[in-house]
Amino acid sequence: MELEKLLLRKVGEAVGRFKMIRDGDRVAVALSGGKDSLTLLETLLLLAKRAPIDFSVCAFTVEQGKFLRPIGPLGEYLKARGVDWTYHTDNPSLRLLEEQPDHGCDMCSRFRRRAVYQIARGLGANVIAFGHTADDFCESFLRNAMFTGRVSALPAITYSREKDFRLIRPLVFVTEDITSRYAESLGAPIVPCGCSLRTGTVRKSIRSLFSEIEKDYPHLKETLLSAMGNLEPERLLDLRYLDLDSSEGAGVPELLPILND
Ligand code: SF4
């Protein structure tokens with residue numbers, strides 16, 4: 001089917017370009033219960049059958065007490081498809097929720113990260129795949145530039161602090177209109193998380209900014225992703241990348257008129 005081909009092409013491109021998956025890897029997909037990570041799991045399972053590299057795929061879900069529906073139907077669905085899936089209840093997260101119901105994302109993520117590494121280790125995985133999409137990369141890029149004063153997004157590939165896991169985001173080129181359609185076509189039981197209902201105001205503003213501009217420029221996110229891979233540091237203001245002492249004065253002439261304005 002067309003959607004499947006599109007996904008395989010986009011995920012294949014990310015996996016190849018960033019050397020995300022290598023021969024002999026065991027990839028554990030962090031399944032949140034949402035459309036994105038489910039799409040990621042299905043695509044990696046397809047890729048494992050077709051790609052010239054030899055790797056295996058398993059999946060796991062961390063229960064932190066925030067799912068809005070029972071996880072059972074998702075488990076049944078995965079079992080019927082023969083997916084190697086582990087469901088882990090993270091008791092420290094449940095205690096945190098009980099003792100500090102208003103804890104922020106930072107603490108929640110820290111607890112999740114610890115659980116994720118522990119589960120992946122138990123599964124014998126050396127790679128952990130997360131379902132962040134092109135939308136997440138673009139939102140993060142704008143949020144960082146506009147609210148934290150940094151030009152950065154999310155790492156497509158990075159390593160855990162101890163370097164024992166490669167952390168990958170193979171949906172970097174896949175937008176959420178694709179994951180929504182694909183998850184729907186699978187008929188998979190999506191399990192929403194309570195937090196998905198309270199998207200922060202900054203995120204909401206960025207999302208509505210995108211949908212407004214995308215009415216006239218539907219390829220906006222593709223262009224932004226290209227921009228992230230096509231830096232022109234000499235046209236930015238980071239002194240680490242400007243050769244101010246060169247005899248030719250590289251980067252300086254174009255700055256002067258702006259400074260004189
Ligand atoms: S949005 Fe909810 S689940 Fe996600 S990190 Fe924040 S507190 Fe945790």
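Here the chain is assigned +1 on the Cβ of each Lys and Arg and -1 on the Cβ of each Asp and Glu. Its dipole about the Cα centre then comes out at about 1000 debye.
From Cα pairs below 8 angstrom and at least 6 apart in sequence, can you work out the relative contact order of the chain, rounded to a whole percent?
Details: 338 pairs, mean separation 59.5, N = 261.
For the chain, the relative contact order is 23 percent.
Each residue in D245, D90 was given a count of other beta-carbon atoms within 10 angstrom of its own, and listing them fewest first yields D245, D90. For the chain, the antiparallel share of DSSP beta bridges with both residues in that region comes to about 20%. Diffusion coefficient of the stretch 116-229 by Stokes-Einstein, Kirkwood radius over Cα pairs, 25 °C, 0.890 mPa s: 153 µm²/s. Note: the stretch 154-214, Cα convex hull, 158 Å³ per residue. For the stretch 71-82, the Karplus equation 6.51 cos²θ - 1.76 cosθ + 1.60, evaluated at θ = phi - 60°, returns couplings of 7, x, x, 5, x, 4, 4, 5, 4, 4, 8, x Hz by residue, with Gly and Pro reported as x.
This ranking places F147, F141 by how few other beta-carbon atoms lie within 10 Å of each, fewest first, which gives F147, F141. Counting only residues at least eight positions apart within a chain, or on another chain, the lysines with an alpha carbon under 23 Å from that of K19 are K5, K10, K49, K163, K221. From most to least packed by mean Cβ count within 10 Å, the peptides 234-240, 16-22, 31-37, 106-112 give 31-37, 16-22, 106-112, 234-240.
Quick one: I119, I213, fewest Cβ neighbours within 10 Å first, how do they rank? Each step should come with its number before you reach the end.
Working: I119 21, I213 11.
Neighbour counts put them in this order, fewest first: I213, I119.
Determine how many Å³ per residue the convex hull of the Cα atoms of the chain encloses.
Considering the Cα atoms of the chain, their hull volume per residue is 183 Å³.
Rule-based calculations on the coordinates, nothing more; no lab input. Computed from a predicted model, the values in this text were never measured in an experiment. We place every Cβ from the backbone using ideal geometry, glycine too, and count neighbours over all the protein chains shown.
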